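Student: Before anything else, here's the structure in question.
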Amino acid sequence: MSMGESTTLEERKRRAGQRMFIGIPGPSLDAPTRALIREVQPAGFILFAQFNSRMLRRRPPVKLLQRTTLIYLLCTFWLLGTALWQPEALWPLLLPLFGSVAVVALVLPNSSACAMAGHGHQAGVASALMGTMQFVIAGITSALVGILHNGTAVPMAAVMAGCGLLVVIMARQARRSGGQVVS
């Protein structure tokens, strides 16, 4: 195909597979591989969410939150280390990325429960405020990744690791401030 020729949608999708998720150059991913990656990430999130409900039977959300945020921090720093290593293939980055995304299924519901624990009489307002904060934080972090983009996975991993560090600090503060949840 010569320079300036138009490409089909299928050709553009095939080429986009090279930079899928995190912008790693190399041979494009075939359709079954892309489908596998798209299906495994949400499956991990769903499985960990189911696991969360079982863990809550034995531990209060604050204690669980403190431990799961530490796991999230470890996964994000593992991802950052792998991104700094800059592997030629996509696969070395997928395992820590999978871990980071899956652990979010443990962090989100427990942090929500802890945040709203003392606000039962204003549950609607507290929930709306929490949703708005999540929306704003997601916008800021995604913009930050875009601004720092350099064609590698490092900006994404660095922002995720920074968020992991902040989450661990906030979880420790929740424990100190008595964010116990009545079940």
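Student: Which condition breaks for Leu73 when tested against (1) in a helix (DSSP H, G or I); (2) modelled with pLDDT under 85; (3) buried (at least 16 other Cβ atoms within 10 Å of the Cβ); (4) out of contact with any Phe, Trp or Tyr (no Cβ under 9 Å at 6 or more places or on another chain)?
Tutor: (2)
Student: I need the full set of residues from segment 143-169 which are farther than 24 Å from Ala49 by Cα and free of Cβ contacts under 8 Å to residues at least 60 places away in the same chain, in order please.
Tutor: Of everything in segment 143-169, those that are farther than 24 Å from Ala49 by Cα and free of Cβ contacts under 8 Å to residues at least 60 places away in the same chain turn out to be Ala143, Leu144, Val145, Gly146, Ile147, Leu148, Asn150, Pro155.
Student: For segment 143-159, check the following and say yes or no: at least one residue is closer than 17 Å to Gln41 by Cα and modelled with pLDDT under 90.
Tutor: Looking through segment 143-159, none of the residues is closer than 17 Å to Gln41 by Cα and modelled with pLDDT under 90.
Student: While we're on this one: Tell me which residues, restricted to segment 89-109, are in contact with a Gly (Cβ under 8 Å, 6 or more places away or on another chain) and either outside any helix (DSSP H, G or I) or without any contact (Cβ under 8 Å) to a residue 12 or more places away in the chain (or both).
Tutor: Ala89, Leu90
Student: Something else: Does Met160 count as within 24 Å of Arg67 (Cβ to Cβ) and surrounded by 18 or more Cβ atoms within 10 Å (Cβ to Cβ)?
Tutor: yes
Student: Do you know which of the residues in segment 114-142 that are touching a Gly at 6+ places or on another chain (Cβ under 9 Å) and more than 19 Å from Met156 (Cβ to Cβ) is surrounded by the most Cβ atoms within 10 Å (Cβ to Cβ)?
Tutor: Only one residue fits best here, namely Cys114.
Student: Return yes when Ile37 is surrounded by 17 or more Cβ atoms within 10 Å (Cβ to Cβ), of a type in the set (A, V, I, L, M), touching a Phe, Trp or Tyr at 6+ places or on another chain (Cβ under 9 Å) and modelled with pLDDT under 90 and no when it is not.
Tutor: yes
Student: Something else about it: Quick one: would you say Ala49 is surrounded by fewer than 12 Cβ atoms within 10 Å (Cβ to Cβ), modelled with pLDDT of 65 or more and in a helix (DSSP H, G or I)?
Tutor: Taking the combined requirement at face value, the residue does not satisfy it.
The values are calculated or read from the model by the stated rules, or taken from the named source; none is laboratory data. Small disclaimer: the values here were computed from a predicted structure and weren't measured. Quick reminder, even Gly has a Cβ in these numbers, built from the backbone with ideal geometry, and neighbours come from all protein chains shown.
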